[in-house]
Every structure is written in structure tokens, then in C-alpha cells.
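Working notes, structure below.
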Amino acid sequence: MSKHNVNEITTDDQFAQLSKSNLVTVLNFWATWAEPCKDMNEVFEELSRKYPTLQYAKLEAENHPDISEEFEIAAVPTFIVVKNGKIVDRVEGANAPSLNAIVEKYAKVGAAPAVKAETEKVVDKEAALEKRLRALINTQPVMLFMKGTPQQPRCGFSRQTIELLNEQGVKYGSFNILADEDVRSGLKKFSNWPTFPQVYINGELIGGLDILKEMIESGEFAQLAPKEEDLNTRLKNLINKAPVVLFMKGNPDTPKCGFSRQIVGILKDQGISFDTFDILKDDEVRQGLKAYSNWPTYPQLYVKGELQGGLDIVKEMVENGELKEILNA
């Protein structure tokens, strides 16, 4: 038989410490000389195993007269249910069915918030993944989710898709779904498309290899694929894609350098909403933005299309209140 979860109370101080808990507590007041207590003690221990979300404590009533008086114990055994420091239920005498019923009742009540919290965690995780997927499919006007990389495709379908896109002269971004199981499984559900590769244009799924072939043959792909813009136009559009844009190494959840991590922390601490661009995933942007902004390092923070600077300058702007002034202007 597994170990029970009953606290054996031997001192008043021990009981005082136990009473500080936020858990619903079931108290068993008993006596060694009372024969019915022996059977009910076994019932009590079994209930502690069956409903472990509650807190259980056993006290010899005569050894703790002050506590017994506080809880108005007139006979043994007596069982008291305490919630938030108040008596909410009691069972007097060796009434096992009644004790089982009230323990079960409060165990269900106590479990409900935990179930709700767990459900909320799942919902939050799903929402975070959906947000990440939306950001990924919009990383480039044409995005390919594939097995492997353009340099080293890991399946024939991905290799053929790469060849077709290259033949069309289309600039595209890619994501290796073999390197991230959350994205791999999540994108199937998000797009309602069970296989890879998947090709997206302007954030919309067009399909896999076969559909891409058909669209190229019909000329539809050429019409949908965005015409390549010059680098300066692209940089300008990226800088202005949100009121606050941070060009950083990595992303807010997994920064790839200490400076990027610090500036993300500062913006979050200030309650500032911001968009980001991972310059490690696009060397053209990484090199081009240095010349465009005449700023040689990263991270770079832009507010309303204007470069504010890197980590040190952002720190100063936060300290003197200038950053909030610019945002509120």
C-alpha cells in the first residue's frame, strides 16, 4: 500500500505552520482510547491517497486542548474541513460515507482551478505558436517550409521545389522544419496541409510541389510572385513595418547575443510593443542596413521609421524619458 499523505501533528506550533497553507485542509481529531477512531484513521489515510490535492492532518484531541476548544470538538472522532482559515464542513462520529463525500466534494473544488490553469497554459502555448507561425510565413514575400536547407535539401520534393523557385528567379526565404518539431507539427494544423514542402506567398499558402508546378505552367505563379524590389526600398519597408522595429540577432524569445537580449528586456520592461527582424537570417539586410543607416553594429532600434541607435543610446533614452516622449509624440 502506498504511503499516506497525513501530517501527524504533535505540537501546537506545527499546527500553526500547517494552518498558513492556502490548501483546503481536512483535520482528524481522534483519541487512542476510542475504538471507532482506529477504523476511521485507516479511512482517513486512504482518502489522503485517493485525493492528494487536499492537505490532511491528524491530532490527538486531548493532547491539544486549545486547538480542540477552538474547533469545538465535543466527541471523537471529529473531522473538520478548513478553507481560507474558516471551517466549511465537519463530520462527527465514525461516519465513513459522510467523510468520503465531503472530502470528494472539496477535492473536486480544489482541482478545478488547477485544471483551469493547465487549460490556460495550453491555450497560451497554442496562441504563442500561432503568433510565431504567422511571423515565420511573413518573414519573406515568398517563404518555403522544407526538409533541410536550400543548400542541403533532405528530400526529393524539397529539392525539386528549390530547383523550380531558382528557375523562376524568385527570391525566397526558407525554414527547415526538421530543426523544429513545434513548427513542423504546428504548421500542418495551421495551414490544414499535411505534407511538406509548403510554399507561401505574401503570407498565404499556395500548396506543395505539385500545385507549384501547375501554377508555374499556367503562368499564375509569375503573376502572384512579388517583383523583387531594390534593397533600399526593401529596407525602408522593413523599418516602417511597425511603429517600433528592432533589428537584432535572433528573436525576442531566443536572442543570439547579449546586446540583443538586453535591449529586448528593456523594451519589455518599459511595456513597449515592438516588431523584430532577425538579421542573422538575411545577410543582404544585415549588410545593407549598416550602409543604409550609417550604423555599423546591431541591435538597431527604429521608432516611426527613424533610427534611434543601439543598446547604449536606448538605455540613455529610457533613463531621461526621451524614448517615451518620441513614442507619445
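If amide H atoms are built 1.01 Å from N in the plane of the peptide, which residues on other chains or at least 5 residues away come under 5 Å of the amide H of residue 256?
Those lying under 5 Å, H to H, from residue 256 are 249, 250, 251.
Looking at 34, 225, 328, which one has the Cα that reaches farthest to the positive end of the dipole of the chain (charges on Cβ: Lys, Arg +1; Asp, Glu -1)?
The listed residue farthest towards the positive side: 225.
Calculate the length of the line joining the C-alpha centroid of the stretch 182-203 to that of the stretch 260-314, in whole Å.
29 Å
Given 0.36 nm per residue, what is the gain on full extension from residue 31 to residue 152 after removing their alpha carbon distance, in nm?
Length difference between fully extended and current span is 36.0 nm.
Place +1 on the Cβ of every Lys and Arg and -1 on the Cβ of every Asp and Glu in the chain, take the dipole about the Cα centre, and give the residue among 280, 25, 150 whose Cα lies farthest towards its positive end.
150
If the cut-off is a Cα-Cα distance under 17 Å, which aspartates and glutamates reach residue 281, setting aside same-chain residues fewer than 8 apart in sequence?
180, 253
Cα to Cα, under 19 Å, and not fewer than 8 places away if on the same chain: which lysines meet these conditions relative to residue 324?
Of all the lysines, those that pass the test against residue 324 - Cα under 19 Å, at least 8 places apart if same chain - are 268, 304, 315.
How far is helix 209-218 tilted, in degrees, relative to the longest principal axis of the Cα atoms in the chain, given as a value from 0 to 90 rounded to the nearest 10?
It is inclined by approximately 30 degrees.
Would you mind working out the magnitude of the charge dipole of the stretch 61-101 relative to its Cα centre, with +1 at each Lys and Arg C-beta and -1 at each Asp and Glu C-beta, to the nearest 20 Debye?
It works out to roughly 280 debye.
To the nearest 20 debye, what charge dipole does the stretch 212-291 have about its Cα centre, counting +1 at the Cβ of each Lys and Arg and -1 at the Cβ of each Asp and Glu?
480 debye
Once you keep just the Cα pairs under 8 angstrom separated by 6 or more residues, what percentage relative contact order results for the stretch 154-235?
Answer for the stretch 154-235 is 26 percent.
Let me know the charge dipole size of the chain about its Cα centre in debye, to the nearest 20, where only the beta-carbon of Lys, Arg (+1) and Asp, Glu (-1) is charged.
1240 debye
Explain nothing, just the number: relative contact order of the chain, from Cα pairs under 8 Å at least 6 residues apart, as a whole percent.
11 percent
Every read-out reported here was derived from the displayed coordinates using simple, explicitly stated rules and does not represent laboratory data. Everything numeric in this text was worked out from a predicted model, so none of it was measured. Glycine gets a Cβ as well: all are built from the backbone with ideal geometry, and neighbour counts include every protein chain shown.
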